[in-house]
Amino acid sequence: MVFLDELLYNSWMYTSDASGLGLCFGLAATTLGTRMLLVPIMTYSQMIGYKMKLLAPDTDDHTNAMKRYQK
């Protein structure tokens, strides 16, 4: 995590220096870039969570059937 913190800080400073528009623009650009990188991961994890929620009743039925047959 420290590596990511340092990477984001350095990209923030580089963007603000390279554009000449200041720290506010550098922070906004770095934030947007980071979010664009993380959107696919967040979307994928939300889809997996939704699928697991849909499968929960079936999983409970199978678990109860296994418990019943073990007795």
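The values are calculated or read from the model by the stated rules, or taken from the named source; none is laboratory data. Values in this document were obtained by computation on a predicted structure and should not be read as measured data. Don't worry about glycine lacking a Cβ; one is built from the backbone with ideal geometry, like all the others, and counts go over all protein chains shown.
Out of segment 19-32, which residues are outside any helix (DSSP H, G or I) and either within 10 Å of the chain's Cα centre (by Cα) or surrounded by 10 or more Cβ atoms within 10 Å (Cβ to Cβ) (or both)?
Within segment 19-32, 21, 22 meet the criteria.
When segment 16-28 is examined, which residues are found to be touching a Ser or Thr at 6+ places or on another chain (Cβ under 6 Å) and modelled with pLDDT of 80 or more?
none
Would you confirm, using the coordinates I've provided, whether residue 44 is aromatic (Phe, Trp, Tyr) and over 17 Å from the mean Cα position of the chain (by Cα)?
When the stated conditions are applied, residue 44 does not pass them.
Give segment 33-71 a look and list any residue that's closer than 25 Å to residue 14 by Cβ and either surrounded by 10 or more Cβ atoms within 10 Å (Cβ to Cβ) or in contact with a strand residue (DSSP E or B) (Cβ under 6 Å, 6 or more places away or on another chain) (or both), or say none.
33, 34, 35, 38, 39
Within segment 35-71, which residues are of a type in the set (Ser, Thr, Tyr) and modelled with pLDDT of 85 or more?
Result: 43, 44, 45, 50, 63, 69.
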